[in-house]
Amino acid sequence: VKRAQAGDQEAFADLAAGIADRFLATSHRILSDIDLAEDATQQALVSIWQDLPQLRDPARFEAWSYRLLVRACYAEARRSRSWNPGLRLVDTDQPISDPSASVADRDQLERAFRRLSVDHRAVVVLHHYLDLPLPEVADTLGIPHGTARSRLHYAMRGLRAALDADARPANGEVAS
């Protein structure tokens, strides 16, 4: 990090190669569109290169770089009119006993996730997908710890409410 801060392009290339896949996976989970995710990842890497000399504590590189990635995701979401927010939270590598039930559950979860704001989705992705503790999520997003905890609470509450609403029979339907 220190070499890259000093302008060493090879050092930055090594840093970028080490984080690019994780960045793309994270931005894809936030944006649910691979093209937007690629653009956000590229923009984040450009921002990291440009802003790296101003990073005061090289030990904080990872949290600082994720903050730039989340900002790039927000910018891509605002720029895109056809943005379709969603996230696949269900692990598809696990054996499936009833494929149709799993697909239905995944679709229901994705619909619920789309109803969350970008702020709430970002907290859920950072905390549950990247397994960052809430203090690191707060630091990454540049928000107070209590705000991160509150966003996660309301995001999970929103997911539960959306899932419960989808599970209820519509008017005129008989529950089976």
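The values are calculated or read from the model by the stated rules, or taken from the named source; none is laboratory data. Predicted, not measured: the structure shown is a model, and the values here were computed from it. Using ideal geometry, Cβ is built from the backbone for each residue, glycine included, and neighbour counts are taken over all protein chains shown. Note: areas computed on protein heavy atoms with side chains; ligands, DNA, RNA excluded. Shrake-Rupley method; radii C 1.70, N 1.55, O 1.52, S 1.80 Å.
Numbers for the structure displayed
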read-out: Area accessible to solvent at F113, 1.4 Å probe radius, in Å²; value: 0 Å²
read-out: Order by protection proxy (mean Cβ within 10 Å, highest first), peptides 159-165, 64-70; value: 64-70, 159-165
read-out: In Å², nearest 10: area of T147 left accessible to a 1.4 Å probe; value: 50 Å²
read-out: Simple label model, 7 Å out from Cα along Cβ direction - A6 to Q54, nm; value: 2.3 nm
read-out: √(5λ) per eigenvalue of the Cα gyration tensor, segment 120-161, largest first, Å; value: 16, 11, 7
